[in-house]
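The values are calculated or read from the model by the stated rules, or taken from the named source; none is laboratory data. Bear in mind that the values here come from a model prediction, so they are computed numbers and not experimental data. Neighbour counts run over all protein chains shown; Cβ positions are idealised from the backbone, glycine included.
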Ligand SMILES: [Fe+2]
């Protein structure tokens, strides 16, 4: 029950109790010298290793992280943003920046590239956007990224926001993140890493057209985006993680059907499934790790949360 409260709190950012429970669940023991007297630099990182046979011109490795949920705010930011920063720091434990630093340090010493699939910040504040610039700056050429749903949160309530506010947010994001927000492409050793903004869990017709132009390049593709396509394992894992012991649901997935928010997204998924050039999908968002088959040529890999020090390392051949 206690963990259920903590997990709900990740989403809603509400109760202080949830924040305290979440904090106690963090791997702080790794800092205790009496437990780890010979502690090295990377004990806190929880890594999973995979290989993707994509047809690269030479083998290389990529570290994949998502959901760092930075919660910084400057003293002169609005009362609302400072309050959100305070509450959410308790939710995530206050070690998010350490986790990101450890991940970047690992990637720099062990990998060729680093992919962050969104929710680097928990909410947009000036302090958080400065951290985005700082850490993408540190990652430099080796670091790719896309936006997550939390990059669109700046303390607004429910209901439509004025257009000028949306535009100001978009401009602020474009000024902080060093990539094209809607879709960006980087060819790494003959493999096209296409990063998409699907933060609202949808792909627009415009993005589908841009993606099709990438397919026409004829190179193997690895797709990075924030929200997973909700395949069976992703749905089951997220149900277990966020809703607790609902065995009835887990054991009765015979009626399971993928669901998408709109027709454009549904059509894009069908189109993508038929693309033999697609070799893998990297995503996050659920804070829990899961892998499932998306198409005959591609698995989808959901990485657990970076604020909990999780990462996936891929050898691409
Ligand atoms: Fe997310």
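Here are the numbers for this structure:
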read-out: Verdict on residue 123 being closer than 15 Å to residue 66 by Cα, free of Cβ contacts under 8 Å to residues at least 60 places away in the same chain and away from the ligand (no atom under 15 Å from the Cβ); value: no
read-out: Filtered residues of the range 112-130 (kept if surrounded by fewer than 21 Cβ atoms within 10 Å (Cβ to Cβ) and within 24 Å of residue 41 (Cα to Cα)); value: 112
read-out: Exclusive hit being modelled with pLDDT of 95 or more and either within 16 Å of the ligand (Cβ to nearest atom) or in contact with a helix residue (DSSP H, G or I) (Cβ under 9 Å, 6 or more places away or on another chain) (or both), set 39, 44, 88, 7; value: 88
read-out: Of all residues in the range 142-155 being within 16 Å of the ligand (Cβ to nearest atom) and touching a helix residue (DSSP H, G or I) at 6+ places or on another chain (Cβ under 9 Å), the one that is nearest to residue 104 (Cα to Cα); value: 145
read-out: Any hit, the range 62-72, residues being assigned to a strand (DSSP E or B), at pLDDT 95 or above, touching a strand residue (DSSP E or B) at 6+ places or on another chain (Cβ under 9 Å) and away from the ligand (no atom under 16 Å from the Cβ); value: yes
read-out: Condition met for residue 307 (modelled with pLDDT of 95 or more, within 25 Å of residue 120 (Cβ to Cβ) and more than 16 Å from the ligand (Cβ to nearest atom)); value: no
read-out: Verdict on residue 223 being surrounded by 13 or more Cβ atoms within 10 Å (Cβ to Cβ) and in a helix (DSSP H, G or I); value: no
read-out: Filter result for residue 114 (part of a helix (DSSP H, G or I), modelled with pLDDT of 95 or more and under 18 Å from the mean Cα position of the chain (by Cα)); value: no
read-out: Residues satisfying the stated conditions in the range 175-201, i.e. within 16 Å of the ligand (Cβ to nearest atom), touching a strand residue (DSSP E or B) at 6+ places or on another chain (Cβ under 8 Å) and more than 17 Å from residue 281 (Cα to Cα); value: 177
read-out: Set 80, 90: member being more than 17 Å from residue 142 (Cα to Cα) and surrounded by fewer than 20 Cβ atoms within 10 Å (Cβ to Cβ); value: 80
read-out: Filtered residue count, the range 172-191, keeping only those that are in contact (Cβ under 8 Å) with a residue 40 or more places away in the chain and either touching a helix residue (DSSP H, G or I) at 6+ places or on another chain (Cβ under 6 Å) or on the phi < 0 side of the Ramachandran plot (or both); value: 10
read-out: Yes/no for residue 314 being surrounded by 23 or more Cβ atoms within 10 Å (Cβ to Cβ), farther than 24 Å from residue 56 by Cβ and away from the ligand (no atom under 16 Å from the Cβ); value: no
read-out: Residue within the range 96-103 that is closer than 22 Å to residue 179 by Cα, within 16 Å of the ligand (Cβ to nearest atom), within 17 Å of the chain's Cα centre (by Cα) and in contact (Cβ under 8 Å) with a residue 12 or more places away in the chain present; value: yes
read-out: Test: residue in the range 158-171 that is within 16 Å of the ligand (Cβ to nearest atom) and either within 19 Å of the chain's Cα centre (by Cα) or touching a residue at least 12 places away in the same chain (Cβ under 8 Å) (or both); value: no
read-out: Candidates 282, 299, filtered to the one that is buried (at least 24 other Cβ atoms within 10 Å of the Cβ), under 17 Å from the mean Cα position of the chain (by Cα) and modelled with pLDDT of 95 or more; value: 282
read-out: Selected residue (criterion: farthest from residue 59 (Cα to Cα)) from residues of the range 226-243 that are away from the ligand (no atom under 16 Å from the Cβ) and outside any loop (DSSP other than H, G, I, E, B); value: 243
